[in-house]
Amino acid sequence: MNIAGFILRPLYWVSGKVFSIWARPAIQPESPIDYITDKNAAVCYVLETGGLTDVLALEKACAQHGMPSPTESFEFCGVRESRRFIVMRRLTGFWARRPSKTGSRRLRRLIEQAELCEQELLLIPVAIYWGRSPEKERSFLKLLLSENWDIIGRTRKFFVTLLHGRNTLLRFSHALPIRSICTGDIEQNIAVRKASRILRVHFRQRRTATVGPDLSHRRTLVKQVLLNPSVRRVIDAEADGDYRKQEVARRKAEKYALEIAADISYPTIRVLVRLLRWLWNKIYDGVELNHMDRLHDVAKEKEVIYVPCHRSHIDYLLLGYVTYEAGLHLPHVAAGINLNMPVVGGILRRGGAFFLRRTFKGNRLYATVFDAYIHQVLNKGYSMEYFVEGGRSRTGRLLSPKGGMLVMTVNSYVKSPQRPLVFVPIYFGYEKLIEGDAFISELGGAEKKKESIGGLFSSIKSLRDQFGKVYVNIAEPIELEPILDELYPEWRTYESENGERPPWLAGIVEELGAQIMQGINSAAAVTPISLLAYVLLATPKQTIGIDELRRQLEMSLKILQRFKYSDSVTVPNWSADQIIEHGEKLEVISRSTHPMGEVIRMTERTAVLMTYFRNNILHLLAVPASVACCFIQGRTLEHSELQRLMRLIYPFMKKELCLKWDEADIDKVTTEAIKSLIDMEILTYGSRKKTLVRPPAGSEKAFQLLMLGQSMVPMLQRFYLVVAILVRNGSGILTRGRLEIMCQQSAERLTMIYGLHSPDFFNKSLFHDFIRMLQDLEVLRRNSDGLIEFDDDLTDIGADARLVLGEEIRHSILSLTVTD
């Protein structure tokens, strides 16, 4: 050991001890040692900027995961290197530190040695971010603390480490085999430049995905919005040549822009992250993330638009928390102006929220300013999050997608395509909702309460309750360009007049919206509570024997595994007893003793709320349940007749439940569902193999089939109700609006008399969508007076209902359908 090593090694050891006490970097992924795929290969880490603290952080991470130390020597192709790491952007100089103009000498040596032997070397990039905050803050201290795009010297690195040691992210990436670079007759200099370029691009993409693009001041962004040609045209149009009016219009536009714009503050975000960690542990049993690798894969090279389902106000906080903890930069989140309350609005704005009004109608200037703001955000490379449903679902089903934000996003990309744009559908799954009681009231007809500070404090009281676990499932990303290429191949050369939106944009947005909703449903999280709701709501009084409940839960889990809706769907690996115990813990069900066996029940109020969670997974079992539903009234049915019935109802099922299959494929899907039920002996084939047979009445299997089919009965009852009202009143008598009101009132009365325990049964939007689908299929049509006309085909649909719905319920529906 030379004199320098004799002096420096003890200092390094002391630095390491001090560092390990103070700094606790978060390490991603959970098992970085898996990146060492070849156990016989030499390993060398690659750092972006290096420095003592980066090496100490890397050494600590390697020690935790059983990986080779970065400071130890290693041998490659017979030559020993003194250290096991490379620095891509070395700094030179003792006092004035500046980037070296030469590349890594160790990388050059390793590539030269690689040509002399056959040994493999794995280059493992390791990105380290101290503070993870883009350049934005006005305070010198905040500027000093934050991770940004600059290379920093020793002094600043010391303070950054001191103040951000526990807010640091260390991320390993997939190894780069040196043999993949040194191939063929490639020259050494070219191989070195190629390796350097690959690693530089990797670190730049990783920094963009983690830290985000360089942030400009909020007011600078607002000024850029005001300079947008479309905004200036609208201002000039409102002024009509009058200078004073022009200044008034400009100030109004600036006011709109400031009302809209986010004002991201990472110190605020750090406080929020700590608060949210406490919140999740306080009211939830944790947050379960699935398929996060999909996000990391697309965030490096593409601009991400997060499009989650909207279940709760918690959604706003949840995705930001998840992305931050996953080491991705925070998205700008679209929030309704109703959330821009005193104090709360400012916090949300600093957390990345930008606000939009519920309607843009009658205010062209506001609409243009908002459009320009979206264009600026996307142009600068920010990720974005918004809810395509527009508002929170009160029924547990996905709502029809609203095109507003999608139109502005796609239009912005068409005008200025830079980084590829990808939409990432996300499924949020809850086991209980903080807003549950409010949803019940609103579904029952109560007016939606306006958000307020008082309402916020009322919600805080519920934090004493237990809300189970939260599930966040990432669906398959949807790239925009393939949709544009398929539906309008000339989009790249299209030039709009005066900034007007292309006329073909509506078709693109409709297809994109459908794919997003289907993607969300394809990544559903089946929770223990949703399974309990699915089973118990199929019973007449939400009461069932514990043995029957166990069998029904086990059957539901088996169907989900055999008739797999999507590989992205997650199903709990729990036993029936574990699910029942969990339901008791969350006070969803209760247990009563009886000499003939324990009984499990739900209260009526709980049952009403549980329809929400049943509807969360209704689409996963819709096809097998519809098949089972066809055997409620009869024991046998021809396979071909069953397929015909499924073809008849599938378009309406697809619309209501956002199912993923095309109508042309439903025969094949029906056959797969039938096969699953036959494999479980819930259905059997008759002697001719063309007839399907239900198990004998009173048998355990017959009971399971009946229970499975009950989940689809409310939907079919609604369909029959619409048809019955139309037939009873006659063709050319009712307007669509009047028909919707009559359907809603009849359904509400039906629930009052027969206790169906499902407020969404008389949800007006469901009737609206069904009637619209009948019009799209040309079963219904409007005449010149706006009245609905129909042919005998509608009567035939009503006749088919006899195969599914019992005589009692059909008679009840008919008795409630009065003429207008």
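The values are calculated or read from the model by the stated rules, or taken from the named source; none is laboratory data. Just so you know, these numbers come straight off a predicted model, no measurement behind them. Methodologically, a virtual Cβ is constructed for each residue, glycine included, from the backbone with ideal geometry; neighbour enumeration extends over all protein chains shown. Just the protein is used for accessible areas: all its heavy atoms, side chains included, with ligands, DNA and RNA removed. Shrake-Rupley method; radii C 1.70, N 1.55, O 1.52, S 1.80 Å.
The number of residues in the stretch 614-639 that are out of contact with any strand residue (DSSP E or B) (no Cβ under 9 Å at 6 or more places or on another chain) and either modelled with pLDDT of 90 or more or not in a helix (DSSP H, G or I) (or both) comes to 15. If you go through the stretch 322-344 one residue at a time, do you hit one that is modelled with pLDDT under 90 and of a type in the set (Asp, Glu)? Checking the stretch 322-344: at least one residue is modelled with pLDDT under 90 and of a type in the set (Asp, Glu).
Under 30 Å from MET653 (Cα atoms), open to solvent by 20 Å² or more (accessible area, probe 1.4 Å) and not in a helix (DSSP H, G or I): does that describe ARG397? No.
Might you let me know whether the stretch 320-330 holds any residue that is surrounded by fewer than 20 Cβ atoms within 10 Å (Cβ to Cβ) and without any contact (Cβ under 8 Å) to a residue 24 or more places away in the chain? Taking every residue of the stretch 320-330 in turn, none turns out to be surrounded by fewer than 20 Cβ atoms within 10 Å (Cβ to Cβ) and without any contact (Cβ under 8 Å) to a residue 24 or more places away in the chain.
The set of residues from the stretch 277-288 being loosely packed, with under 15 Cβ neighbours inside 10 Å and of a type outside the set (Phe, Trp, Tyr) comprises ARG277, ASN281, LYS282, GLY286. Do we find a residue being in a helix (DSSP H, G or I), modelled with pLDDT under 85, out of contact with any strand residue (DSSP E or B) (no Cβ under 6 Å at 6 or more places or on another chain) and open to solvent by less than 40 Å² (accessible area, probe 1.4 Å) anywhere in the stretch 231-239? Looking through the stretch 231-239, at least one residue is in a helix (DSSP H, G or I), modelled with pLDDT under 85, out of contact with any strand residue (DSSP E or B) (no Cβ under 6 Å at 6 or more places or on another chain) and open to solvent by less than 40 Å² (accessible area, probe 1.4 Å).
Of the residues making up the stretch 643-683, those that are of a type in the set (Val, Ile, Thr) and either under 15 Å from LEU716 (Cβ atoms) or open to solvent by less than 10 Å² (accessible area, probe 1.4 Å) (or both) are ILE649, ILE666, VAL669, THR670, ILE674, ILE682. Applying the criterion of at least 3 residues that are small (Gly, Ala, Ser) and at negative phi to the strands (runs of 3 or more DSSP E) found wholly in the stretch 264-377 leaves 332-336. Is the stretch 407-430 home to any residue that is modelled with pLDDT under 85, open to solvent by 20 Å² or more (accessible area, probe 1.4 Å), at positive phi and not acidic (Asp, Glu)? No - not one qualifying residue is present in the stretch 407-430. Does GLY709 qualify as being among the small types (Gly, Ala, Ser) and in contact with a strand residue (DSSP E or B) (Cβ under 6 Å, 6 or more places away or on another chain)? It is false that GLY709 is among the small types (Gly, Ala, Ser) and in contact with a strand residue (DSSP E or B) (Cβ under 6 Å, 6 or more places away or on another chain). Here ASN281 fits the description: farther than 21 Å from VAL388 by Cα and without any contact (Cβ under 8 Å) to a residue 40 or more places away in the chain. Inside the stretch 706-753, residues that are of a type in the set (Gly, Ala, Ser) and farther than 24 Å from PHE790 by Cα make up a count of 2. Within the stretch 728-739, not a single residue is surrounded by 20 or more Cβ atoms within 10 Å (Cβ to Cβ), at pLDDT below 85 and out of contact with any strand residue (DSSP E or B) (no Cβ under 7 Å at 6 or more places or on another chain). One residue stands out among those in the stretch 767-787 that are under 14 Å from GLY737 (Cβ atoms) and outside any helix (DSSP H, G or I): the one that is least open to solvent (accessible area, probe 1.4 Å), which is LEU780.
In this structure, is GLU389 within 28 Å of ILE128 (Cα to Cα) and open to solvent by less than 10 Å² (accessible area, probe 1.4 Å)? No, not satisfied. Quick check on the stretch 585-596. Is at least one of its residues under 32 Å from the mean Cα position of the chain (by Cα), surrounded by fewer than 21 Cβ atoms within 10 Å (Cβ to Cβ) and hydroxyl-bearing (Ser, Thr, Tyr)? Taking every residue of the stretch 585-596 in turn, none turns out to be under 32 Å from the mean Cα position of the chain (by Cα), surrounded by fewer than 21 Cβ atoms within 10 Å (Cβ to Cβ) and hydroxyl-bearing (Ser, Thr, Tyr). Would it be correct to say that PRO714 is closer than 30 Å to MET752 by Cα, open to solvent by 10 Å² or more (accessible area, probe 1.4 Å) and within 33 Å of the chain's Cα centre (by Cα)? Criteria met by PRO714.
If THR606 satisfies every condition in (1) surrounded by fewer than 15 Cβ atoms within 10 Å (Cβ to Cβ); (2) more than 30 Å from LEU648 (Cβ to Cβ) but one, which is the exception? If we test THR606 against (1) surrounded by fewer than 15 Cβ atoms within 10 Å (Cβ to Cβ); (2) more than 30 Å from LEU648 (Cβ to Cβ), just (1) comes out false.
Does VAL779 satisfy being over 28 Å from GLU604 (Cα atoms), at pLDDT below 90 and touching a Gly at 6+ places or on another chain (Cβ under 7 Å)? No, not satisfied. Report yes if ILE559 is of a type in the set (Val, Ile, Thr) and within 22 Å of LYS432 (Cα to Cα), otherwise no. The answer is no for ILE559. Tell me yes or no: at least one residue of the stretch 571-579 is in a loop (DSSP other than H, G, I, E, B), surrounded by 17 or more Cβ atoms within 10 Å (Cβ to Cβ) and of a type in the set (Val, Ile, Thr). Yes; the residues of the stretch 571-579 include at least one that is in a loop (DSSP other than H, G, I, E, B), surrounded by 17 or more Cβ atoms within 10 Å (Cβ to Cβ) and of a type in the set (Val, Ile, Thr). When only residues in the stretch 685-701 that are touching a strand residue (DSSP E or B) at 6+ places or on another chain (Cβ under 6 Å) and in a strand (DSSP E or B) count, which is surrounded by the fewest Cβ atoms within 10 Å (Cβ to Cβ)? Applying the filter and picking the extreme gives VAL693. Scanning the stretch 621-639 for residues that are more than 34 Å from the chain's Cα centre (by Cα), surrounded by fewer than 18 Cβ atoms within 10 Å (Cβ to Cβ) and small (Gly, Ala, Ser) turns up at least one hit.
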